Amino acid sequence: MLYLIGMGLWDENDLTLKGLEIARKCERVYLETYTDFLGGLSKDNLEEMLEKEVRPLSREQVEENPFFVPEAIGWDIALLVGGDPLVATTHSDLLLRCKESGVKYKIIHNASIYSAIAETGLQIYKFGKTATVVFWEGNYKPKSFYDVVLENKKRKLHTLLLLDIRPGKLMTPNEAIEILSEINEKFKKQEIVILSRAGSDAPGIAYGQAEVLEKGDYGKGPHVLIIPGSLHPLEKEMLEFLSSRAKRKP
């Protein structure tokens, strides 16, 4: 049996009791966090909780050569995934591989950024399509994520912008604002929301014009940007209240 177990938002303590009990009984436990970075995760603490070794996996080992799928024919295997295992970047391909190999599987869900964004005071049902702001490198300067922002704004919907994750590097809100401003100079005047370290004991919420927030220091990540659509008066009041009291740095 292959168990895809959601790790939640921040650290090893966000594991559900169900996920914890299942991982403990599995013969092998693997960990991938490239799709959803856990800012407070301690591998040592996680192994102490589970009372067994936890083996980190690279993106290639999960997406291109998931050797643990055939292992699950004879053993109980756990793959721990940041957030919810089927949200943001999904692992549907693994489920198809299980089907082709005759491997049974089970999903253990957990919290994800898609529920945590409600911490800003914005209403979940008013969010449109999500996009990711990716790092620009050389001539590689994709802009399709900004089309998503424009599409959602036409429909008066909020846009959740995930920020790129690279090995050893998380995109900062400042870098994301700079890229968005290069695509459209008018973005500097756009009101935005920055949500940092969702699920931690020191989350940060900032709300204001992009050109003002670009100068801020938002501490440790991960971060996401939200481009508000049409704000209900209650949403605006909540944003102003929460951003004024939230800690911007851990």
Sites GLU182 and GLU237, calculated FRET efficiency, Cβ-Cβ separation with R0 45 Å, nearest 0.05: 0.90
Say the cut-off is 21 Å between C-alpha atoms; which of LYS43/LYS104; LYS169/LYS220; LYS141/LYS169; LYS18/LYS220; LYS129/LYS220 go over it? LYS43/LYS104; LYS18/LYS220; LYS129/LYS220
Among (i) 57, 38, 32; (ii) 52, 39, 33; (iii) 47, 38, 38, the entry matching Cα extents along the principal axes in Å as calculated here is (i)
GluC sites (Glu not before Pro) within the stretch 41-79: DSSP coil, no more than 15 neighbouring Cβ in 10 Å: GLU51, GLU53, GLU64
Based on the inverse mean of 1/r over its pairs of different Cα atoms, what is the Kirkwood hydrodynamic radius of the stretch 114-245, in Å? 14.8 Å
With the crude spin-label approximation of a point 7 Å out along Cα→Cβ, what separation in nm comes out for GLU47 versus LYS18? 2.9 nm
Could you calculate the contour length gain from GLU191 to ASN139, that is, 0.36 nm times the residue separation minus the distance between their Cα atoms, to one decimal place in nm? 15.8 nm
Applying 1/(1 + (r/R0)^6) with R0 = 35 Å to the Cβ-Cβ distance of ARG55 and LYS154, what FRET efficiency is obtained, to the nearest 0.05? 0.15
Given a Förster distance of 51 Å, the FRET efficiency implied by the Cβ-Cβ spacing of LYS99 and ASN174, rounded to the nearest 0.05, works out to 0.75
Helical contribution to [θ] at 222 nm, DSSP H n ≥ 4, -39,500 (n - 2.57), averaged over the chain, rounded to 500: -8500 deg cm²/dmol
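Readers should treat all values here as calculations from the given coordinates under stated rules, not as data from a laboratory. This one's a predicted model, so the numbers in the text were calculated from it and none came from an experiment. Positions of Cβ are generated from backbone atoms using ideal geometry, with glycine treated the same way; all protein chains shown enter the neighbour counts.
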